[in-house]
């Protein structure tokens, strides 16, 4: 009888100790869950605000460069994201960069520790910008057939550009060079105009063209945004929604 009472007391003691431990564990678990919920909510708010800043930055003034291989082949400053091909010659909206500025920009951005500009800077890989597209330049007096645009983006002068045009035309390069020289100051202006024209076309086809390019590492962006660091952890439906 006494032994039974002793075992009963031991059982009750063990139960009380276990209950006390379990109560503490449950309390700690609930606290941890609440902290995780608060943390996730805070991160969501921060990412949402940052995503809106990114969207606003993309839609506003920015520098855009074409990255061909390991060099910047074209570039310019655009004051708005709402532009058309007709705005290419409008200096109030778009200004192209010359060779000197392109070389200086390479030293700023194509280095292990790149410069962190205050304004938005986009480096678009040529293949992503072109996507094997061709263009017919029928607006010129000389009729030029469809050519590979990626080739034009890698030319160093208008003479090289004219040679590419001539390869798809019944006219010689000298005739085409004359036409190009009347339209453009140099190959940098030609390539920058082509860049903007392609960008206009791509954005019409895909409203999230720039953002999708950033996600696919086809576009390098400066400065950094928190949103871009968590893209791989968010479902595409959510990222597309917050970028609208």
- Compute the FRET efficiency between residue 80 and residue 167 as 1/(1 + (r/R0)^6), taking r as their Cβ-Cβ distance and R0 = 35 Å, and round to the nearest 0.05. 0.50
- Which whole-number percentage describes the relative contact order of the stretch 61-205, with Cα contacts under 8 Å and a sequence gap of 6 or more? 27 percent
- Could you please rank 104, 160, 189, 182, placing first whichever residue has the fewest other Cβ atoms within 10 Å of its Cβ? 182, 104, 160, 189
- Exposure proxy check: 196, 25 ranked by fewest other beta carbons within 10 Å? 25, 196
- Query: Which number do you get for Rg(Cα) / (2.2 N^0.38 Å) in the stretch 61-205?
  - Reply: 1.04
- For residue 42 and residue 25, extending 7 Å from Cα along the Cα-Cβ vector and measuring point to point gives, in nm, a value of 2.8 nm
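Since every read-out is calculated from the coordinates, none of them should be taken as a lab result. The structure presented is a predicted model; accordingly, all values stated were derived computationally and were not measured. All Cβ positions, glycine included, derive from the backbone under ideal geometry; neighbour counts span all protein chains shown.
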